[in-house]
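See below for the structure under consideration.
The values are calculated or read from the model by the stated rules, or taken from the named source; none is laboratory data. Values in this document were obtained by computation on a predicted structure and should not be read as measured data. For neighbour counting, all protein chains shown are included, and Cβ atoms are generated from backbone atoms with ideal geometry for every residue, glycine included. Note: areas computed on protein heavy atoms with side chains; ligands, DNA, RNA excluded. Shrake-Rupley method; radii C 1.70, N 1.55, O 1.52, S 1.80 Å.
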Amino acid sequence: MTVATKHRVATHTGPKDVLTAREAAQYLRLALPTFYRYMWEGKIPSSKIGGRYRFKKSLLDRWLGKKPEGDDVSGRNKLVGRVSAIKRDAIMAQVNLDVGEHKITAVITRDALEELRLKVGDVAVALIKATEVMVIKEH
């Protein structure tokens, strides 16, 4: 058995839900430098175990917008992002999500905000359900 083979075998002996950076990048189909840049920017959830970064497959699935088991929502337009700002008043709340390079703003009830216990920095999913979205600026 060569050294490379020993190393490859050792990486797969841990829990199947915990991936190395290289495995996570392959799973997400990202080039390794792009994967590291997203990780350092806080876009990809990670943990440090024994001085090395590790990635939970379930969190990567959520980041990809994959439907978890038991999530019976028919909507297809789910965008996973990080809460960047919250404005609240007595009845309504405005929640801003950073989804990659895009920003999404949702207006929800104050009760919904409190029930979700959302705070800036949380990962959340924007479920888009609209028959029309129009924004026009005339010159």
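Going by what's in this entry, would Ala31 be described as modelled with pLDDT under 85, open to solvent by less than 100 Å² (accessible area, probe 1.4 Å), hydrophobic (A, V, I, L, M, F, W, C) and more than 16 Å from the chain's Cα centre (by Cα)? In short, no. Pairing residues of the stretch 25-41 that are closer than 17 Å to Ser58 by Cβ with residues that are among the charged types (D, E, K, R), at Cβ distances under 8 Å and at least 6 apart in sequence or on separate chains, gives Tyr27/Lys57. Take the conditions modelled with pLDDT of 80 or more and closer than 29 Å to Leu32 by Cβ and apply them to Arg117. Does it pass? So Arg117 fails the test. Of the residues making up the stretch 34-63, those that are farther than 21 Å from Val123 by Cα and at pLDDT below 85 are Ile49, Gly50, Gly51. Put simply, of Ala93, Ala106, Ala126, Ala85 the only residue that is in contact with a strand residue (DSSP E or B) (Cβ under 6 Å, 6 or more places away or on another chain) and in contact (Cβ under 8 Å) with a residue 40 or more places away in the chain is Ala126.
Of all residues in the stretch 120-139, exactly one satisfies the criterion of being of a type in the set (D, E, K, R) and surrounded by 10 or more Cβ atoms within 10 Å (Cβ to Cβ), namely Asp122.
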